[in-house]
Amino acid sequence: MNTLRAKYADEIQAILAKYPPEHKRSAVMPLLYLAQREAGYVTVQAMAEIAEILEISITDVASIVGFYTLYYDQPHGRYHIQVCTDLPCALRGAEDFLKALCQALGVEVGQVTPDGLFVIEEVKCIGACHRAPVFQVQGDGEIVFHENQTLETALAVIEALRQKAQQEKEGTA
């Protein structure tokens, strides 16, 4: 049974309706995002279900997951902090920013923080080279972009997310 289709039938139908039937494979990215929203990453089962929905191979689906940095095939923290270190950003201090951020959180790139909330990733080009250092946070079904960052402003963003998670855990949000 296709659990994605069963759980999200209306959303899947709305996504598929945006594409001509002969090009429904173009819906792969929105469907991957839907699957990732469900589990925090795209499971092998979800890839198989998306392949079934779109009538393409699971290899086609997995290649999209592997190519794009916004999709994960392994469990990650609740919030994915993606820091751009492409050359223009590196020239504006992105590598030092990334190192300082990792040090402040006590993790290496790709590791999840002990509280399970954050993972820091190094990515290439998120489209704001002139406003580096930049990072985006993917979590809670949205992507939030942060430009012209310092370690202090980035840590304030992280602390606000940590407080939000704590309030939700305590039922006060």
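Worth pointing out:
- Tally, over the stretch 101-125, of residues that are buried (at least 17 other Cβ atoms within 10 Å of the Cβ) and out of contact with any strand residue (DSSP E or B) (no Cβ under 7 Å at 6 or more places or on another chain): 1
- Selection status of V83, within 26 Å of E147 (Cα to Cα) and out of contact with any Ser or Thr (no Cβ under 6 Å at 6 or more places or on another chain): yes
- Just so you know, in the stretch 89-98 the residues that are over 19 Å from the mean Cα position of the chain (by Cα) and surrounded by 14 or more Cβ atoms within 10 Å (Cβ to Cβ) include one that is nearest to K164 (Cα to Cα), and it is F97.
- A single member of E55, E49 is over 23 Å from F118 (Cα atoms) and free of Cβ contacts under 8 Å to residues at least 40 places away in the same chain, and it is E55.
- Complete set of residues in the stretch 126-141 that are touching a Pro at 6+ places or on another chain (Cβ under 9 Å) and either crowded, with 22+ Cβ neighbours inside 10 Å or at positive phi (or both): A132
- Considering residues of the stretch 59-78 that are surrounded by 15 or more Cβ atoms within 10 Å (Cβ to Cβ) and free of Cβ contacts under 8 Å to residues at least 40 places away in the same chain only, the residue nearest to N2 (Cα to Cα): V61
- Residues in the stretch 63-93 that are assigned to a loop (DSSP other than H, G, I, E, B) and either under 13 Å from V123 (Cα atoms) or of a type in the set (F, W, Y) (or both): Y68, T69, L70, Y71, Y72, T85, D86.
- The stretch 17-40 - residue that is touching a residue at least 24 places away in the same chain (Cβ under 8 Å) and in contact with a Lys or Arg (Cβ under 9 Å, 6 or more places away or on another chain) and, of those, nearest to T69 (Cα to Cα): G40
- When T153 is tested against (1) in a loop (DSSP other than H, G, I, E, B); (2) surrounded by fewer than 17 Cβ atoms within 10 Å (Cβ to Cβ), exactly one condition is not met: (1).
- S26 being surrounded by fewer than 19 Cβ atoms within 10 Å (Cβ to Cβ), out of contact with any helix residue (DSSP H, G or I) (no Cβ under 8 Å at 6 or more places or on another chain) and more than 16 Å from V119 (Cβ to Cβ): yes
Residue-wise test of (1) in a helix (DSSP H, G or I); (2) of a type in the set (V, I, T); (3) in contact with a Pro (Cβ under 7 Å, 6 or more places away or on another chain); (4) farther than 22 Å from Q74 by Cβ.
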{"residue": "E22", "(1), (2), (3), (4)": "yes, no, no, yes"}
{"residue": "S26", "(1), (2), (3), (4)": "yes, no, no, yes"}
{"residue": "Y33", "(1), (2), (3), (4)": "yes, no, no, no"}
{"residue": "E38", "(1), (2), (3), (4)": "yes, no, no, no"}
{"residue": "V42", "(1), (2), (3), (4)": "no, yes, no, no"}
{"residue": "A46", "(1), (2), (3), (4)": "yes, no, no, no"}
{"residue": "I50", "(1), (2), (3), (4)": "yes, yes, no, no"}
{"residue": "I56", "(1), (2), (3), (4)": "no, yes, no, yes"}
{"residue": "D60", "(1), (2), (3), (4)": "yes, no, no, no"}
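Every number in this text was worked out from the coordinates using simple rules, so none of it is lab data. If you're wondering where the values come from, they're calculated on a predicted model, not measured in any experiment. Methodologically, a virtual Cβ is constructed for each residue, glycine included, from the backbone with ideal geometry; neighbour enumeration extends over all protein chains shown.
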